Each structure stands twice: as structure tokens, then as C-alpha cells.
Amino acid sequence: MKKIEHIGIAVKNLEEANAVYAKLFGKPHYKTEEVASEGVKTSFFKVGDNKIELLEATNENSPIAKFIEKKGEGMHHIAFDVTDIHAEMARLKTEGFVVLNEEPKKGADNKLVVFLHPKSTNGVLVELCQSTD
Ligand code: ZN
């Protein structure tokens, strides 16, 4: 793994959260994107070299809707940048981590993404992402 790519935060209302985080960082988000397959609308902020992703559910079956129902708003996942997502998935499986998808999915920000089950990572939802641009 190369670095933390972004940190994901689950929010109830993206527009309101965008305003809060714009105040926090002193600048607005630089893009928004809907990922229909995941049932989320996202926005991205840059803070130095780091990115923060805000996620709002677009339907009640969205993983974000379920997360907020159980835990409320807040830190949702940490995403790590990888060079070869397939190789990294294979490596982590042999190390005993639970990879949530058989194949990487197309996520926000032109990335191939896959998640590791939090039960195998001490309660943290970990996203691996490989850039496709
Ligand atoms: Zn993410």
C-alpha cells in the first residue's frame, strides 16, 4: 500500500455537510459524484496532499444509510492507494483478511475499489483503491 488515499465520512445531508466542511477547511469541495451502484452521492475536499470524501446515501439500502442507522454520522472508512488491486486482494486474503467483493468495483474518482470487512481489521472499514486514470 502506498499511502492513505482518502478518509470517508458518512453524512445525512451532503449539502449541509459540504457547507460545514468548507468552513472547516476554508475552501469548498472540488467535486461531487454519484455512484449509483453503491447508492451514494459523494463530495471531495483537498486538504494539503490528503482528500476527505463525504458520503450521503441515495436510497435506504445504501451501505451509508445502514451505517448511519446503526452508528450515526461520522468516520466511515479509510482508503489506501494501491498499485495493483488484484495482487493486493490476493495477498490480503492469504493473510486472513476478509475481502468483501470477489472483484473490484468501479468507485468514485475513477478508482477501482474493494473493501475489507471491519471484523478482520479491528473495527475499521478499509477501502483499497487503484487509480484508473
Ligand atoms: Zn472512499
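Some points to look at:
- Those residues of the range 72-96 which are in contact (Cβ under 8 Å) with a residue 12 or more places away in the chain and either open to solvent by 70 Å² or more (accessible area, probe 1.4 Å) or among the basic types (Lys, Arg) (or both), in sequence order: Glu73, Met75, Thr83, Asp84, His86
- Subset tally (residues that are part of a strand (DSSP E or B) and either open to solvent by less than 30 Å² (accessible area, probe 1.4 Å) or away from the ligand (no atom under 14 Å from the Cβ) (or both)) for the range 106-133: 8
- Glu102 passes every criterion in (1) over 20 Å from Glu56 (Cα atoms); (2) touching a helix residue (DSSP H, G or I) at 6+ places or on another chain (Cβ under 8 Å); (3) at pLDDT below 95 apart from (2).
- Of all residue pairs spaced 6 or more apart or on separate chains, those with beta-carbon atoms under 8 Å, a first member in the range 114-133 that is free of Cβ contacts under 8 Å to residues at least 40 places away in the same chain and over 9 Å from Ala79 (Cβ atoms) and a second member that is among the basic types (Lys, Arg) and surrounded by 18 or more Cβ atoms within 10 Å (Cβ to Cβ) are Thr132/Lys111.
The values are calculated or read from the model by the stated rules, or taken from the named source; none is laboratory data. Note that the coordinates shown come from a computational prediction; the quantities given were computed from them, not determined experimentally. A quick note on method: Cβ atoms are made from the backbone with ideal geometry, for glycine too, and the neighbour counts reach across all protein chains shown. Ligands, DNA and RNA are stripped out before the accessible areas are found, and what is left, the full protein with its side chains, is counted by its heavy atoms. Shrake-Rupley method; radii C 1.70, N 1.55, O 1.52, S 1.80 Å.
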